[in-house]
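Since the structure comes first, as structure tokens, the remarks are kept for the end.
The values are calculated or read from the model by the stated rules, or taken from the named source; none is laboratory data. Values in this document were obtained by computation on a predicted structure and should not be read as measured data. Quick reminder, even Gly has a Cβ in these numbers, built from the backbone with ideal geometry, and neighbours come from all protein chains shown.
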Amino acid sequence: MAVHYLNIPLKNEDTEDLKLNDLVYISGPIFTCRSRLQRYIFDEGHTLPFSTKDRNCLIHVGPIVIKEQGKWELVSFMPTSSIRFEKWGAQSVADWNLKMIVGKTTMGEKTAAMMKEKKCVHVSPQCVSPNLWVDSIKIEDVYLFDELGSIEASWHMQLDKLGPFVVDIDCEGNNLYNRLDVIIGENKEKAYEMLSIPKDFQYTKLY
């Protein structure tokens, strides 16, 4: 496991150097995205109102933001589950020229295949720290606030060594969670055998 401090915009050589289970800290400009933004652009045919050329890191997050004395203030920031957005994952990577997606859990096979083609990676938070990260994030701007609302709008932020994040999909399409599932399955079989639990054991249903 290696530790990387990366600056956005990311280049192919940045992501090619990342291996599964490496830790990543991110600095530079990013934009936020949830389902409503992707539906607005990809399903409803609107144009993304900003360039992602120098902002090629997307974070799946709905930040809690308030306005005080005419200035946006970040209250809480915690990435949400990326697998929820698998429908638009591959298109997001391709159309927005992404090199990194940040979000909890992982993404599916179609997105992973596009990540391999475009040299993009997916990283997940190592811990749940919605308030600890606030000092590492500065709000720059917000787009589509009126159209999508505060949570679903695309916030532009400047990061200062935000992390750590764990690389769970590398730019070769390898998936850390898939590998862990195999290990967990093997350990489960060993535990069942040791405890004389039948393989077809079913957990008690409470409802």
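The figures follow:
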item: Enumeration of residues in region 163-182 that are farther than 18 Å from residue 4 by Cα and not in a loop (DSSP other than H, G, I, E, B); result: 175, 177, 178, 179, 180, 181, 182
item: Helices (runs of 4 or more DSSP H) contained entirely in region 1-105, each with at least 1 residues that are free of Cβ contacts under 8 Å to residues at least 40 places away in the same chain; result: 12-16, 86-95
item: Count - residues of region 29-61 that are among the charged types (D, E, K, R), within 23 Å of residue 136 (Cα to Cα) and surrounded by 17 or more Cβ atoms within 10 Å (Cβ to Cβ); result: 2
item: Residue check for residue 66: crowded, with 19+ Cβ neighbours inside 10 Å, over 17 Å from residue 159 (Cβ atoms) and either touching a Gly at 6+ places or on another chain (Cβ under 7 Å) or not basic (Lys, Arg) (or both); result: no
item: Residue within region 183-205 that is out of contact with any Gly (no Cβ under 9 Å at 6 or more places or on another chain), surrounded by 13 or more Cβ atoms within 10 Å (Cβ to Cβ) and either assigned to a helix (DSSP H, G or I) or basic (Lys, Arg) (or both) present; result: yes
item: Among residues of region 152-169, those that are hydrophobic (A, V, I, L, M, F, W, C) and more than 17 Å from residue 71 (Cα to Cα), counted; result: 6
item: Residue within region 128-137 that is among the aliphatic types (A, V, I, L, M) and part of a strand (DSSP E or B) present; result: yes
item: Single condition residue 180 does not satisfy, out of (1) more than 14 Å from the chain's Cα centre (by Cα); (2) among the hydrophobic types (A, V, I, L, M, F, W, C); (3) under 25 Å from residue 19 (Cα atoms); (4) at pLDDT 95 or above; result: (4)
item: Sole exception among (1) crowded, with 22+ Cβ neighbours inside 10 Å; (2) in contact with a Gly (Cβ under 9 Å, 6 or more places away or on another chain); (3) in a helix (DSSP H, G or I); (4) hydrophobic (A, V, I, L, M, F, W, C) for residue 114, by number; result: (1)
item: Among residues of region 142-173, those that are over 16 Å from residue 82 (Cα atoms) and touching a residue at least 40 places away in the same chain (Cβ under 8 Å), counted; result: 20
item: Subset tally (residues that are farther than 17 Å from residue 150 by Cβ, of a type outside the set (A, V, I, L, M) and either at pLDDT 95 or above or out of contact with any Lys or Arg (no Cβ under 8 Å at 6 or more places or on another chain) (or both)) for region 40-81; result: 15
item: Selected residue (criterion: surrounded by the most Cβ atoms within 10 Å (Cβ to Cβ)) from residues of region 145-177 that are at positive phi and out of contact with any helix residue (DSSP H, G or I) (no Cβ under 7 Å at 6 or more places or on another chain); result: 163
item: Matching residues, region 147-168, being closer than 14 Å to residue 77 by Cβ and touching a Lys or Arg at 6+ places or on another chain (Cβ under 6 Å); result: 158
